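What follows is a single structure, written as structure tokens, with notes after it.
A short reminder: the numbers here are calculations on the coordinates, not readings from a lab. These numbers come from a predicted model, not from an experiment. All Cβ positions, even for glycine, are placed from backbone atoms using ideal geometry, and neighbour counts span all protein chains on display.
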Amino acid sequence: MLSVGIIGLPNVGKSSLFNALTAGNANVSNYPFTTIDSNLGVVPVPDVRLEELRQILNPKECTPCFIQFIDIAGLVEGANRGEGLGNQFLGNIRQVDALAHVVRCFQDPNVAHVLEEVDPARDIEIIETELLLADLEVLNGAIEKRVGIWKTNPRDHAKEKEQWLLYREKLEAGIPLSSLILDLEDQRELKGLGLLTGKPVIYVINLSEEEYPEANPPCLEELKQSQIWQNPSQALEVVTISARFEWELQQLDPEERAEFEKELGITETGLQRLVKKAFKSLGLITFYTIANEKLRAWEVEEGTSAPEAAGKIHSDMERGFIRAQVVSFEDLLQHGSFQELNRLGLARTEGKDYQVKDSDVIQFAFRD
Ligand SMILES: Nc1nc2c(ncn2[C@@H]2O[C@H](COP(=O)(O)OP(=O)(O)OP(=O)(O)O)[C@@H](O)[C@H]2O)c(=O)[nH]1
Ligand SMILES: [Mg+2]
């Protein structure tokens, strides 16, 4: 399951966002360090295509993808040296796939800012520095544990040593590891190390209620001109929300909410927009299966082969993979069933080298 860790300074709206995303009830208050223990929430990924398929195919069961959000304590400057509550909580998000970095842009005299004034560029820099320092500490610890084995068995560990020392050099130079161009194997190993700057970041710009919904508010324009945004190490993914407002929307009954959203011109919720960005930044696509009247969505990395995709469902299916019957989402919507597409010759038979495409609907054949 895809997991996203929510980070940011204290009192910027992390738990408000978490609640809006998960319809949760994490504590929210106008003083810093409200959150101490992490909040965990799992929500279905909103998926318009799955809903359309469900209506056409009328399956007994319909299962979407899920996404997990982890809301942690606010980080402060010096968290890596044990200031605030920060560093120990970073441990809770070492294994997440992506980070949602909440940046306060809203002005509200009733909500204190830990550094008094609202200054999004400065705040981002503080958090990113803390992540770099925390990574350096973790990596140094890992290196220390391996030095012995690197000495006694240099040939077998040459690659690891080279990579880890490269990571350290980059971190010491203030460069987040996500900016390195790595092959798939190195990417997996980096993820195993649990280094935070190696993860894609989605900047969640938390606006005042009055500014929302606005894709390009003045504070974002300003941020884009600032130093920190100038030479981005990776494509910057940004979502603008108003956490408090989204939370209030959540509280309305569905009809009232739909009407209100229409009035304001809101076509997608914060959750939908955030999930889209998370999928994009991780290179994820969705495919669908229908078997025994069970319709289900699956997320995989782009470039995943048909047997690997089958392995998401069950490892036996990867081992015993024979072929995949693939139809396009559009064809299935138009003609209504797999059988009909077979009859029309619109179902393709694909072998083990086939790379699954976004929105494919697949039936796997496999040996038990
Ligand atoms: N005006 C306004 N206030 C907001 C918005 N989002 C959050 N707040 C307020 O900001 C305060 C802090 O919100 P929280 O969600 O508790 O912030 P947090 O980042 O989780 O804080 P810690 O857990 O203490 O680190 C609360 O009073 C929220 O109501 C917003 O979009 N607009
Ligand atoms: Mg909180």
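Summary table
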item: Under 10 Å, Cβ to Cβ, from residue 245 - net charge with Lys/Arg +1 and Asp/Glu -1; result: -4
item: Cβ charges +1 (Lys, Arg) and -1 (Asp, Glu), total dipole of the range 217-295, debye; result: 540
item: Most fluctuating residue given options 53, 99, 132, as computed from a GNM of the chain linking Cα atoms under 10 Å; result: 53
item: Over the range 283-366, relative contact order from alpha-carbon pairs under 8 Å, at least 6 apart, %; result: 41
item: Helical mean residue ellipticity (222 nm; -39500 (n - 2.57) per DSSP H run of 4+; nearest 500) of the chain; result: -12500 deg cm²/dmol
item: Whole-Å distance, taken between Cα centres, linking the range 298-368 and the range 8-46; result: 38
item: Positive dipole terminus of the range 283-366, leading residue within 311, 338, 355 (C-beta point charges); result: 338
item: Tail weight of P(r) past 25 Å, computed on alpha-carbon pairs of the chain, percent; result: 60
item: Among 92, 19, 292, residue whose mean-square fluctuation peaks in a GNM of the chain (springs only between Cα atoms under 10 Å); result: 292
item: Lys/Arg +1, Asp/Glu -1 at C-beta; the chain dipole; positive extreme among 245, 158, 202; result: 158
item: The chain: most fluctuating residue of 344, 193, 282 per GNM, C-alpha cutoff 10 Å; result: 344
item: Cysteines without a disulfide-compatible neighbour (Cβ-Cβ under 4.7 Å), the chain; result: 62, 65
item: Size of electric dipole in the chain: Cβ of Lys, Arg +1 and of Asp, Glu -1, about Cα centre, debye, nearest 20; result: 1560
item: Unsatisfied cross-links (Cα-Cα over 27 Å) in the set 170/276; 60/199; 224/276; 60/191; result: 170/276; 60/199; 60/191
item: Local net charge near residue 254, Cβ-Cβ under 14 Å (Lys/Arg +1, Asp/Glu -1); result: -3
item: Sorted by Cβ neighbour density within 10 Å, fewest at the top, the residues 354, 31; result: 31, 354
